Amino acid sequence: MSTIVTDTLQGKTSATSITLPTTTNIGSTPLVSASANSMTIRGEGSAVTNIQQGLCKHWVQLDNKDEFTTKDSFNQSSATDNGTGDMTFTLSNNMNSASYSGTGASGAPAGGTTVEHTLVDGYSSSVYTLKFVDSSFKDANFNAASAHGDLA
């Protein structure tokens, strides 16, 4: 086996395009197919995973016990506290449409009991709302949200 060590590869026909055979491996993972804005790899067992569609497009972890504080996030321009147990997330990069999957989770609210329901609502391509409910809306010690779908 030969080893090529280089800092830059340049295509022959186009400087920014290099064609690899479909039997190419990335590490030990076989590349199944690749085209403009799409790449699939063989994932678990014989299952094929589309890399773009299989990735989380937004996530956030926040603390809402004493004050509304974002601990960490990805693809989020802002988070808004709409009131007890009700928050809205604005994405830095819009989703392709309002047809994507938003999920949420929470820990114990300030009162100590667990939140019974997490509602995801108000979808648009740029924002979605998360609500935490027991018998009424509750602020929780731990909140997390994520969105999966296609970016615009």
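The values are calculated or read from the model by the stated rules, or taken from the named source; none is laboratory data. The shown structure was predicted, so the numbers you read here are calculated from the model rather than taken from an experiment. Every residue, glycine as well, gets a Cβ built from its backbone with ideal geometry; the counts of neighbours run over all protein chains shown.
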Within the stretch 122-142, take every residue that is modelled with pLDDT of 85 or more and assigned to a strand (DSSP E or B) and give me the one that is farthest from MET87 (Cα to Cα).
VAL127
Restricting the stretch 1-20 to residues that are of a type in the set (S, T, N, Q) and part of a loop (DSSP other than H, G, I, E, B), which is nearest to MET39 (Cα to Cα)?
THR19
From the set of residues in the stretch 88-106 that are among the small types (Gly, Ala, Ser) and in a strand (DSSP E or B), which is nearest to ASN64 (Cα to Cα)?
SER106
Would you mind finding the one in ALA98, ALA140, ALA105, ALA79 that is aliphatic (A, V, I, L, M), closer than 24 Å to SER38 by Cα and outside the structural domain of ASN25 (by TED's automatic domain parsing)?
ALA98
Residues satisfying the stated conditions in the stretch 75-90, i.e. over 11 Å from ALA145 (Cβ atoms) and touching a residue at least 12 places away in the same chain (Cβ under 8 Å):
ASN75, SER77, SER78, ASP81, ASN82, GLY83, THR84, GLY85, ASP86, THR90
